[in-house]
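S.K.: This is the structure I have questions about; it appears just below.
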Amino acid sequence: MNQCTRPRLAKLALVVSVLAGMGCLLPAPSPQAQDIPHEQFVRSLADAIDQASLTPRERLGLHLFFDVNLSEPAGLACASCHDPRRAFTGNNNTLIGVALGSRSDQFGTRDAPTIMYLATTPRFSRHGIVEQDGKRLPAGGHFWDGRADTLEEQAKQPFFNPVEMNNTDTASLIAKVAKSVYAAEFRKVWGDKSFNHPETALDAVAASIAAFERTRVFQPFSSKFDYVMRGQAAFTEQEQRGLSLFNIRQKGNCAQCHTVDAASRDPQKSLFTDFSFRALGLPRSTRIPNNADPAFIDLGLCERVPVAGAKLPVAVTKPTVTDPATCGLFKTPTLRNIAITAPYMHNGLFDTLRDAVAFYATRDTDPARWYAEGKRFNDLSEKYHANVDVDTPPYQRRPQQRAQLTDAEIDDIVAFLYTLTDGYTPPGSMRPTAETTVTPPQSPNPYPSQPASSPVSPREY
């Protein structure tokens, strides 16, 4: 499909114009030899938007999501880094694993994750996951460090981040919304005086974007995996082997963090994430501009400051580390649509899905393959190396030992991961139109994180 060719969105001219505006911002991902072509995902997305019967608030959220005039300078929209053609990822057309901001010399430090299935995320809890050995792990929240508990809190942050949309204050952002082509629609949804108080208007902006992100567009549960679980399709032999290897503890053990319930017909039982935070000890990415400074280390969760405790706009400061045991931990992302959301990992290190899977399998048996000069965990200060998971299979292996996965088994797992791409249509069948109701799981933590007085560090995800 030509990068400027877009599927027709019947009966919704608004979406036609939106996608037309985005059409040439980002090249379409290269075609993959898989059962669910990228083009079919795009067509299914178009159908989902068309069939969602968006409410006025959801339609307003769609306007805001695609508006390139809300950044400073103009030119960057939410969709610039969350391109619908890439399952709402994209990094604003960079090839370095992290996003370019509204200014040509400003880059983020983390890969833009998919925002599909974001509505299933529970609130952050420092003791959200209890493992089989009784160990408790933090879980939940939005962004790679879990600092926002709700979609509304998450939606506000990029507008004021200096390495993203770079607005200096709330009033200047709302002034742009008030001058937009959809300003009258905004007043109709939120009231004639909705622009009179910038802080209240900002809440309305965030609520509108969050409403759009809660629609079926973002959580269709329409992958081949979902059809197989419903008994409406069948895996190939290689895909079935891949699922088995994905689950077996002494093989891939992927399901330890990317949870799946292969016995359930309910797609929400298989979100392919437990929302937990883990320290993987990733290699340092030399492509990230900030990493040119050896002193720069992205510590993840231990620098997390809850959004609720920060006054927007975002201040350029680095939070104080108060819990060293959480340094180097980042949230486990969903694997749904993983085949079209490259690059991978929080630092956008891997461009191919196979490399990402191979890293898990051989990080400890063949460290020289991944780390410069063979120095493990070289993107984390040595004093925090003890936080890296070296016990959970397949990480319990040691150098020169046999990896738990062979090359052929890695290929099998990758083949299975391709079945997680939404938009699958079984041969001879029609794509379902029934909406799926998504209910975010409740946080097991009865005491939500307390607001902090220090400002949020300008990290984009």
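S.K.: Provide Rg and Dmax in Å for the stretch 74-127, with only Cα atoms included in the calculation.
M.R.: Gyration radius and largest Cα-Cα distance of the stretch 74-127: 12.9, 41 Å.
S.K.: Next question, about the same structure. At q = 0.17 Å⁻¹, what is the base-10 log of I(q)/I(0) for the stretch 171-245 according to the Debye formula with one equal point scatterer per Cα and no solvent? Please give it to two decimals.
M.R.: -0.68
S.K.: Based on a Kirkwood Rh over C-alpha pairs, give the Stokes-Einstein translational diffusion coefficient of the stretch 13-418 at 37 °C and viscosity 0.692 mPa s in µm²/s.
M.R.: 148 µm²/s
S.K.: The stretch 262-355: D in µm²/s via Stokes-Einstein (Kirkwood Rh, Cα pairs, 37 °C, 0.692 mPa s)?
M.R.: Translational diffusion coefficient: 206 µm²/s.
S.K.: Once both labels are modelled 7 Å past Cα along the beta-carbon direction, what's the VAL130-ALA368 spacing in nm?
M.R.: 4.5 nm
S.K.: With r defined as the distance between the Cβ atoms of THR317 and ASP203 and R0 fixed at 25 Å, what FRET efficiency is calculated, to the nearest 0.05?
M.R.: So, using R0 = 25 Å, E works out to roughly 0.55.
S.K.: Treating only the Cα positions of the stretch 103-214 as identical point scatterers, give the base-10 log of I(q)/I(0) from the Debye formula at each q in 0.12, 0.21 Å⁻¹.
M.R.: Those come out to -0.54, -1.19, one per q.
S.K.: Report the relative contact order of the stretch 13-418, percent, no decimals, based on alpha-carbon pairs under 8 angstrom and at least 6 residues apart.
M.R.: Once normalised by length, the contact order is 18 percent.
S.K.: What do you get for Rg/Rh of the stretch 308-420 when both radii come from the Cα atoms and Rh is the Kirkwood radius?
M.R.: That ratio equals 1.03.
S.K.: Rg and Dmax of the stretch 32-179 over Cα atoms: what are they, in angstrom?
M.R.: Taking only Cα atoms of the stretch 32-179, I get Rg and Dmax of 17.3, 56 Å.
S.K.: If you don't mind, another one. Per-residue HN-Hα couplings for the stretch 268-284, Karplus 6.51 cos²θ - 1.76 cosθ + 1.60 at θ = phi - 60°, whole Hz, x for Gly and Pro?
M.R.: Values, residue by residue: 6, 7, 10, 8, 6, 7, 9, 6, 7, 10, 9, 9, 9, x, 4, x, 6 Hz.
S.K.: On a full-extension model of 0.36 nm per residue, what is the gain between ARG230 and THR406, subtracting their alpha-carbon distance, rounded to one decimal in nm?
M.R.: Residue separation times 0.36 nm, minus the Cα-Cα distance, leaves 60.3 nm.
S.K.: Which value, in Å to one decimal place, does the Kirkwood hydrodynamic radius take for the stretch 181-322 when every pair of different Cα atoms is included?
M.R.: When all Cα pairs of the stretch 181-322 are included, the Kirkwood radius is 20.4 Å.
S.K.: Between PHE107 and residues 5 or more places away or on another chain, which pairs have amide H atoms under 5 Å apart, with H built 1.01 Å from N, and which residues are they?
M.R.: Sorted by chain and number, the residues that satisfy this are GLY101.
S.K.: Alpha carbons only, please: Rg and Dmax for the stretch 202-265, in angstrom.
M.R.: That works out to 16.8, 51 Å for Rg and Dmax.
S.K.: While we're looking at this one, here's another question. Of TRP370, TRP144, how do they rank once you tally other Cβ atoms within 10 Å and put the fewest first?
M.R.: Ordered from fewest to most neighbouring Cβ atoms within 10 Å, TRP370, TRP144 come out as TRP370, TRP144.
S.K.: Can I ask one more? In nm, what is the difference between 0.36 nm times the number of residues separating ASN69 and ASP293 and their Cα-Cα distance?
M.R.: Separation in residues times 0.36 nm, less the Cα-Cα distance, equals 77.4 nm.
S.K.: Next question. Taking a cut-off of 13 Å, what percent of all Cα-Cα pairs in the stretch 336-398 are separated by more than that?
M.R.: Tail of the P(r) past 13 Å holds 68 percent of the pairs.
S.K.: Can you sort HIS63, HIS346 by how many other beta carbons sit within 10 Å, fewest first?
M.R.: HIS63, HIS346
S.K.: Ranked highest first by average number of other Cβ atoms within 10 Å, how do 372-382, 156-166, 280-290 line up?
M.R.: Going by the mean number of other Cβ atoms within 10 Å, highest first, we get 156-166, 280-290, 372-382.
S.K.: A further question on this structure: Using the Cα centre as the reference, give the magnitude of the dipole from point charges on the C-beta atoms of the stretch 13-418 (Lys, Arg: +1; Asp, Glu: -1; all else neutral), rounded to the nearest 20 debye.
M.R.: It works out to roughly 380 debye.
Computed from the coordinates by the stated procedures, all read-outs in this text should not be read as laboratory data. Keep in mind that this is a model prediction, so the values were computed, not measured. All Cβ positions, glycine included, derive from the backbone under ideal geometry; neighbour counts span all protein chains shown.
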